[in-house]
Amino acid sequence: MAGTDRRQAARAHAAEQRRQEQRRRARRRGITIAAIVAAAVAVLGGGTAAIVAATASPAANADGRTSPPPWSAPADVEARVKAAGLGMLTAEGTALHIHQHLTVTVDGKAVQVPAFIGIDEQAQRISAVHTHDASGIIHVESPEVRTFHLDQVFAEWDVRLAKHAIGPYVDGKDGATLTVFVNQHRYTGDPRSIALTGHEDIDLVVTHGAATPQPPAKFVWPKGL
């Protein structure tokens with residue numbers, strides 16, 4: 001019976017992954033269509049740019065929300081992408097395509113990383129750094145090969161990230177401790193400077209009192225990512 005339950009759970013998980021991928025493809029088609037229309041308008045109007053290129057701008061401003069979680073995706077997507085030092089694209093870039101998995105836990109409870117960080121569905125525009133769903137998977141799809149950092153994710157999410165703080169949680173305040181793990185290993189530098197690399201696990205763990213911080217289990221990547 002236990003084996004049957006596991007097989008049923010595995011089939012359900014696989015079906016959900018397929019549904020999520022279908023939704024991602026539908027969103028990509030919509031953005032691509034918008035890009036074609038924008039290109040046609042540009043040509044007719046004498047313009048030349050079909051894609052609004054990401055800007056190699058200053059360091060991200062990750063001084064976002066300090067309210068307790070949950071933290072939803074911001075409504076003003078373009079403003080937060082600009083705060084991340086990036087620009088809005090009319091299509092996902094193809095020069096650099098990598099993924100990371102981000103988790104935030106507070107006293108053992110997971111904080112959801114929401115869908116549509118860096119995606120403006122209404123305007124059909126997208127940042128090179130974005131989320132398609134609430135799985136915690138960060139998508140980096142850039143028209144240029146460059147290095148992106150964790151502070152840009154948090155700037156787009158509009159959540160404060162500092163060397164010793166996330167959201168309202170500050171090391172030493174009310175017994176809070178922020179511990180950062182990268183690929184299951186403790187990271188002692190400034191989390192804002194963590195470079196986003198392929199299949200990277202990034203875990204931000206908030207504990208209180210004498211609790212021992214532990215990273216979540218290693219993320220199992222879906223096939224195709």
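The values are calculated or read from the model by the stated rules, or taken from the named source; none is laboratory data. In this text, all values refer to a predicted model and were calculated from it rather than measured experimentally. Here the Cβ is made from the backbone with ideal geometry for all residues, glycine too, and neighbour counts use every protein chain on show.
Could you say whether any residue in region 159-181 is of a type in the set (Val, Ile, Thr), within 22 Å of residue 225 (Cα to Cα) and not in a helix (DSSP H, G or I)? Checking region 159-181: not a single residue is of a type in the set (Val, Ile, Thr), within 22 Å of residue 225 (Cα to Cα) and not in a helix (DSSP H, G or I).
Looking only at region 195-221, filter to residues that are part of a loop (DSSP other than H, G, I, E, B) and touching an Asp or Glu at 6+ places or on another chain (Cβ under 8 Å); which one of those is farthest from residue 141 (Cα to Cα)?
The extreme case among them is 211.
Residues in region 53-94 that are assigned to a loop (DSSP other than H, G, I, E, B), among the hydrophobic types (A, V, I, L, M, F, W, C), at pLDDT 95 or above and touching a strand residue (DSSP E or B) at 6+ places or on another chain (Cβ under 6 Å): 71, 88.
Just a yes or no: is a residue in region 121-139 farther than 22 Å from residue 195 by Cβ and either assigned to a strand (DSSP E or B) or among the aromatic types (Phe, Trp, Tyr) (or both)? So far as region 121-139 goes, yes, one or more of its residues are farther than 22 Å from residue 195 by Cβ and either assigned to a strand (DSSP E or B) or among the aromatic types (Phe, Trp, Tyr) (or both).
Every test in (1) closer than 17 Å to residue 215 by Cβ; (2) more than 16 Å from the chain's Cα centre (by Cα) is passed by residue 163 save one, and that test is (1). Pairing each residue of region 123-137 that is basic (Lys, Arg) with any residue that is buried (at least 23 other Cβ atoms within 10 Å of the Cβ), provided the two are 6+ apart or on different chains, yields C-beta distances under 7 Å for 125/89.
Just wondering, is there one or more residues in region 129-145 that are of a type in the set (Asp, Glu), on the phi > 0 side of the Ramachandran plot and surrounded by fewer than 22 Cβ atoms within 10 Å (Cβ to Cβ)? For region 129-145, residues of a type in the set (Asp, Glu), on the phi > 0 side of the Ramachandran plot and surrounded by fewer than 22 Cβ atoms within 10 Å (Cβ to Cβ): absent. In the condition set (1) buried (at least 22 other Cβ atoms within 10 Å of the Cβ); (2) within 20 Å of residue 75 (Cα to Cα); (3) touching a Lys or Arg at 6+ places or on another chain (Cβ under 8 Å), residue 160 is compliant with all but (1).
In this entry, residue 224 is excluded by the filter for residues that are assigned to a loop (DSSP other than H, G, I, E, B) and in contact with a strand residue (DSSP E or B) (Cβ under 7 Å, 6 or more places away or on another chain). Once region 76-122 is narrowed to residues that are of a type in the set (Gly, Ala, Ser) and closer than 23 Å to residue 224 by Cα, the residue that is surrounded by the fewest Cβ atoms within 10 Å (Cβ to Cβ) is 95.
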